[in-house]
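Q: Sharing a structure below in structure tokens format, with a few things to ask.
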Amino acid sequence: MSRLYDTAEPSLVDEELLQKAVEEQGPQDQAGQIAKEEGIQYDEVCQLRLDYKNILKIDHLWQFTSLTKLQLDNNIIEKIEGLGCLTNLKWLDLSFNNIEGIEGLDSLVKLEDLSLYNNRISVIENMDTLLNLHVLSIGNNFLAQLENVIYLRKFKNLRTLNLAGNPICKEDRYKIFVAAYLPELVYLDFRLLDEQTREQAFGKYQYAIEEMRHNEAQERRAMDARQEQEDELQLHRDAFVELLNGPYLFDSMYADDAEAAKLAYLPGVSLLLETYKSHLVALCVQVFEIGLAQRSRREDEVKSFFDCSREAVDDNQQRAAQIAADFEKARRQVMSEMQQATDTSLLEAQLNHCSEEINQLCDSLMTQELQLVDQLEDIIKDFERNISDMVAGFIEVVQGIFAQCRDLENHHHEKLLEIAVATLERVAKNELEEDMPDDVRMLFVDKDTVINAVSASHDTHLLKIDNREDELMMRCNSWMSALMKSVQDEEVKRNRKRISEIHNYIDYVRDHLDEMQHEHH
């Protein structure tokens, strides 16, 4: 059920092995030669075969971000690892290896076809994120618990399953059990699941399946509710105002306030706190609602910018493509004429003319790109100015509201201090009728003690308000800086790629012209 170690030395996936594999599997014509000379871009490779390489450990695949198909079958791999960056993978073959457990697949959310055939796997597990799975081959392994198949119910798109060669297949109820618990399955162990088997399965497991469906529906509803809650919270985080739509800030101010619980026993403080809380929460909700509105405005501005940029790039590329197409049409006609030409001086003139045309083409394409760079630079500047104004305006409004929060805290502090001093006087005259816990009475041994307690409480509250304001401003500015850096970096990347494409094309037509010149000499 597993592959024996070859007499050859086990190999690792390293740079040399990868380059050789990509070159062997890439185009072998002129395009392949050009790619080889320029250096192969691993992030553009879509399919990769690394089978029969005696590979012991998966590694160094992080650059293959565009990979959709990967063959690692017939090796001596012991652990599924090193696949985290292959998020576009749709087809993965790990058959005929020495893998003992399913792991390391969490990020492969687009995977549709997975083969783990002929390994040492004893449990189907750790595949929760592979919800697009259509085909699973896990035959010839060590699966011994038939109930483990129930795990596969979460894969609603699973249509083809191979379990042949596992211990579970020896059970009399195997086929009916699988058909009952995986009703969407079409093929099992390379055979079509017939209607008779489905009817038998339904009859035998009807009540167990109904109970399971009921439980699954409950779990799904609970999960949907949690997801909806998390999505809403993420939206609030993106607006930098999470947890400001309620008493969270107020509660956090008092959660870390050691003196507050004691001061709450003072006569009149309970009502004072209620008033303070309602006013502070109202101000927090103001920040929250303004934050959501501003987030929506920022999103619209970002979308407008990217739409505008895309339109500029598309228009420019169409013009450049037309220039290249017109040149290519003329070039082919001239090349055809030159191949038939017998007059050497005429041929030389045509070659010179072609060379001049290539130079003009290069100038035209570079001019187009320069115009686009200037256009995008203006678009980016406008966008940066608009976003900067939005963020500055939002922060200014928020600072005004947090200033009101501090004013509210100062007012509350003054009122609380009045109550505390008045209570101290009553305690001194032994006029206090209300019962007080001993730790509260200890505050009233003298005026300094009670004033220090009230001031400490006040300082704690102001610090919480300041920290929340600072956090909001810092995250807002960081978001803007990161966004603009990303935009600038992407533009530099786009420009470099375009310049490289132009040079590659010009080099290609020049090489073609040189070849013709050599042929006629």
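Q: Can you tell me how many residues within region 447-488 are over 25 Å from residue 250 (Cα atoms), modelled with pLDDT of 95 or more and surrounded by fewer than 14 Cβ atoms within 10 Å (Cβ to Cβ)?
A: Qualifying residue count, region 447-488: 6.
Q: Next question. Quick check on region 125-143: of everything there that is surrounded by fewer than 20 Cβ atoms within 10 Å (Cβ to Cβ) and under 22 Å from residue 191 (Cβ atoms), which residue is farthest from the chain's Cα centre (by Cα)?
A: Here is the first cut: in region 125-143, the residues surrounded by fewer than 20 Cβ atoms within 10 Å (Cβ to Cβ) are 125-126, 128-129, 131-132, 134-135, 142.
Narrowing further to those that are under 22 Å from residue 191 (Cβ atoms): 134-135.
On the way: 134: 23, 135: 25 Å.
Once the filter is applied, the top-ranked residue is 135.
Q: While we're here: Within region 114-124, does at least one residue satisfy the condition of being within 22 Å of the chain's Cα centre (by Cα) and of a type outside the set (Lys, Arg)?
A: Scanning region 114-124 turns up no residue that is within 22 Å of the chain's Cα centre (by Cα) and of a type outside the set (Lys, Arg).
Q: For region 206-224, indicate whether the set of residues that are open to solvent by 80 Å² or more (accessible area, probe 1.4 Å) and under 30 Å from residue 479 (Cβ atoms) is non-empty. Don't jump to the end; show me each part of the working.
A: Pass one, region 206-224, residues open to solvent by 80 Å² or more (accessible area, probe 1.4 Å): 207, 210-211, 213-214, 218-221, 223-224.
Now narrow it down to the ones that are under 30 Å from residue 479 (Cβ atoms): 223-224.
So far as region 206-224 goes, yes, one or more of its residues are open to solvent by 80 Å² or more (accessible area, probe 1.4 Å) and under 30 Å from residue 479 (Cβ atoms).
Residues are listed down the side, and each one gets a yes or a no for (1) at pLDDT 95 or above; (2) open to solvent by 50 Å² or more (accessible area, probe 1.4 Å); (3) under 17 Å from residue 113 (Cα atoms):
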{"residue": "20", "(1), (2), (3)": "no, yes, no"}
{"residue": "25", "(1), (2), (3)": "no, yes, no"}
{"residue": "31", "(1), (2), (3)": "no, yes, no"}
{"residue": "58", "(1), (2), (3)": "no, no, no"}
{"residue": "62", "(1), (2), (3)": "no, yes, no"}
{"residue": "67", "(1), (2), (3)": "yes, no, yes"}
{"residue": "77", "(1), (2), (3)": "yes, no, no"}
{"residue": "89", "(1), (2), (3)": "yes, no, yes"}
{"residue": "95", "(1), (2), (3)": "yes, no, yes"}
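Q: What about residue 237, is it in contact (Cβ under 8 Å) with a residue 40 or more places away in the chain, basic (Lys, Arg), at negative phi and open to solvent by 40 Å² or more (accessible area, probe 1.4 Å)?
A: Judged against the criteria, residue 237 is not a match.
Q: Residue 394: assigned to a helix (DSSP H, G or I), touching an Asp or Glu at 6+ places or on another chain (Cβ under 7 Å), under 29 Å from residue 298 (Cβ atoms) and at pLDDT 95 or above, yes or no?
A: No: the conditions fail for residue 394.
The values are calculated or read from the model by the stated rules, or taken from the named source; none is laboratory data. Not measured: the values here are computed from a predicted model. Neighbour counts are summed over all protein chains in view; Cβ atoms, including those assigned to glycine, are modelled from backbone coordinates with ideal geometry. Just so you know, the surface numbers come from the protein's heavy atoms only, side chains and all, with ligands and any DNA or RNA stripped out. Shrake-Rupley method; radii C 1.70, N 1.55, O 1.52, S 1.80 Å.
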